[in-house]
Amino acid sequence: MSDTPQPAEGQCAFVVSRKNRFCRFRPNQGKKYCAEHAFLMGVELDRKRIVCPLNPKHTCYEDKLDKHLKKCNSNKKNIVREDFYEEGVNTGSDGGDVHNIQTAVKATSTDRLKQMIENVNRLYKEHIGKLEEDIRSHECLHEEMDNPYFGSQAIRHRRQQASLIGQLDGLGLLEPGHCYVEMGAGKGQLSHWVREAVSGHDDAAFLLVDRSSIRHKVDGHHKEEGKVKFERVKIDIEHLNLGKVPMVANGDKPLVAIGKHLCGAATDLTLRCLMKTAGSQSSEPTTAEPSAKRLKIDDSLSCSRLSQNTCSAVDETEGKKKDSECDDVAIENRQNLKCGKSLNDGQNISVIKSEEPTESEEPTESEGCRNDGNSSVSNAAGSCHEGKTQLAGMLIALCCHHQCSWKAYVGKDFMRQCGITASDFNLLTRLTSWAVCGWLDKDGSFGKMQKAVEDKKSVASSTAEETPATDDVSAKVEENEHNSEDLVSDSNQTGGLQLSEKQKETVGWKCKRLIDYGRARYLQGCGLDSRLKIYIDNQQTPENVVLIATPLGKS
């Protein structure tokens, strides 16, 4: 027998040299290559295939060209025709504080890193302290989680979904009469399981928003079922006027915004979209902000417990560039910088050591939305464009903080209060990559994290999109769809500081939470009750914090 590798039965024989394997597309019956690679190899097909006029990197059947152009990811014009497309409506503004240069951690001076870390620890202790851990589940996913044929990736993915749905249930957001809007929906799996959770009634509607054309969408099943309305909108959230989407504009169901794959700035675009264009509030918050408010906390959860959780997650978290739990690390002799002073103005930086937070700090006055010169908050469940649709709540799993941008970020007012400039924020986002230090393999290499990067690049840059063979593979691909190209380089750098992996991991966690806290403050300023929670054990995913917001008095 020949030692030359052969493709599996029903597999394309084209060798993808970049991946050193065969293409995983299925060829037509009796053919050696899939349609894409048959065209590339000059093999004659029964139907004529041509290069896509929008993107020469792929092909399509000539007799299906019109259909292809409507859904091609390179077609930027098809969404402009929709009434709900408004160029840059949710983009945000840099406020004149421009800083577009991405500076790597390794290129940052040691003194500046020390200053930043000292102030990150101070701000974290002043404003956040400890997060409430609220791990839930829901019966709609119990059978799935007990399936012995699913691998660990698929099971972890379902446990996250079950906890998120459990959070919705605890907030009363699974009751009849809601319209669920999944932002950055991807395949729509979260909406699918929400539908399963509310299968006892048909008084619900689902709107899925994503900027790409996705294969293997699960919402197609529900459209065929026809019991509840399922609609999908292909648009970048940056340009989405949610209040003009027909389902929202013509509907009377309160909106429940959900999201599990809103990487980096996409979370900020979503928050601005909900506050500005869905008509959920009378206005966005002004720049004036009263004193800071601590998020709701659970005093029974100590930072030492979080530290233990982090250590236990090192060997069990795979395939994703995620963050881990926090251990409160501070710098001795911290500076007492006043609000409005840059984080880079500090002096007399001391060495880093562990320090437990005090238990005597009391929450301070809540931040409110100041409209027309007074301090009253706007209507928490405010009306939409025609006074019909209200925002019943939102639940967004947070991730990929290294992809955040100052222009899109909604918490700039809070950051400025704390003396954080656009340049500081850029460094803050880079330091969030340190939260993946717990991904080290036993041999000390970044094998798992590098694999996540390679998997992401494989999915994103493949000439032809590949079909996962199993549920486990599908879950793995979906978990790696977060942007992760910058994580390996910055996670390995300390800018000359002698920090342990645990200390870097802790600093990265705190940087993430400060970014999230600024988002929570923004929502508080819009008249919502917002809070951060640990919604899943970090052994399932290190990116285990969720942002929850509901009208005041609802929770």
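Can you name every residue in the stretch 138-151 that is in a helix (DSSP H, G or I), surrounded by 19 or more Cβ atoms within 10 Å (Cβ to Cβ) and of a type outside the set (A, V, I, L, M)? First the steps, then the outcome.
Our first condition is that a residue be in a helix (DSSP H, G or I); within the stretch 138-151, this holds for 139-145.
With the extra rule that they be surrounded by 19 or more Cβ atoms within 10 Å (Cβ to Cβ), the set shrinks to 140-141.
The one that is in a helix (DSSP H, G or I), surrounded by 19 or more Cβ atoms within 10 Å (Cβ to Cβ) and of a type outside the set (A, V, I, L, M): Cys140.
Mind telling me which of the residues Lys130, Lys114 ends up being in contact with a Pro (Cβ under 8 Å, 6 or more places away or on another chain) and surrounded by 19 or more Cβ atoms within 10 Å (Cβ to Cβ)? Give the derivation first.
On the way: Lys114 fails: in contact with a Pro (Cβ under 8 Å, 6 or more places away or on another chain).
Just a single option satisfies the conditions, and that option is Lys130.
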Some residue of the stretch 239-250 being within 30 Å of Cys511 (Cβ to Cβ), assigned to a helix (DSSP H, G or I), open to solvent by 10 Å² or more (accessible area, probe 1.4 Å) and at pLDDT below 95: yes
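Considering only the stretch 520-554, state which residues are in a helix (DSSP H, G or I) and over 22 Å from Gln160 (Cα atoms).
Answer for the stretch 520-554, where residues must be in a helix (DSSP H, G or I) and over 22 Å from Gln160 (Cα atoms): Arg521, Tyr522, Leu523, Gln524, Gly525.
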Tally of residues being in a loop (DSSP other than H, G, I, E, B) and either surrounded by 15 or more Cβ atoms within 10 Å (Cβ to Cβ) or on the phi > 0 side of the Ramachandran plot (or both) across the stretch 20-32: 7
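Tally the residues that are under 30 Å from Pro246 (Cβ atoms), aliphatic (A, V, I, L, M) and more than 19 Å from the chain's Cα centre (by Cα), restricting the search to the stretch 139-191.
Keep residues of the stretch 139-191 that are under 30 Å from Pro246 (Cβ atoms), which gives 140, 161, 164-165, 167-169, 171-191.
Then keep just the ones that are aliphatic (A, V, I, L, M); that gives 164-165, 168, 171, 173-174, 181, 183, 185, 190.
Subset that is more than 19 Å from the chain's Cα centre (by Cα): 171, 173-174.
Result for the stretch 139-191: 3.
Could you tell me whether the stretch 174-184 includes any residue that is free of Cβ contacts under 8 Å to residues at least 60 places away in the same chain, under 20 Å from Cys399 (Cβ atoms) and open to solvent by less than 40 Å² (accessible area, probe 1.4 Å)?
Going residue by residue through the stretch 174-184, those that are free of Cβ contacts under 8 Å to residues at least 60 places away in the same chain are 174-176.
Cutting the leftovers down to under 20 Å from Cys399 (Cβ atoms) gives us none.
No, the conditions are met nowhere in the stretch 174-184.
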One residue from Ile165, Ile117, Ile135 being among the β-branched types (Val, Ile, Thr), under 20 Å from Asn544 (Cβ atoms) and in a helix (DSSP H, G or I): Ile165
Pick from the stretch 401-433, criterion of a type in the set (Ser, Thr, Tyr) and assigned to a loop (DSSP other than H, G, I, E, B), ranking: farthest from Glu543 (Cα to Cα): Thr421
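Test Ser500 against the stated conditions and say whether it is at pLDDT below 50 and open to solvent by 10 Å² or more (accessible area, probe 1.4 Å).
Details: at pLDDT below 50: no; open to solvent by 10 Å² or more (accessible area, probe 1.4 Å): yes.
Answer is no for this residue.
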Residue ID - nearest to Ala422 (Cα to Cα), chosen from residues in the stretch 73-96 that are open to solvent by less than 50 Å² (accessible area, probe 1.4 Å) and either modelled with pLDDT under 85 or part of a helix (DSSP H, G or I) (or both): Asp94
Subset of the stretch 192-221 [farther than 25 Å from Ala249 by Cα and in contact (Cβ under 8 Å) with a residue 60 or more places away in the chain]: Arg215, His216
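The values are calculated or read from the model by the stated rules, or taken from the named source; none is laboratory data. From a predicted model like this one, the values you see are computed outputs, not experimental measurements. Note: ideal-geometry Cβ built from the backbone for every residue, glycine included; neighbour counts use all protein chains shown. Protein only, heavy atoms only, side chains kept; ligands, DNA and RNA dropped before computing areas. Shrake-Rupley method; radii C 1.70, N 1.55, O 1.52, S 1.80 Å.
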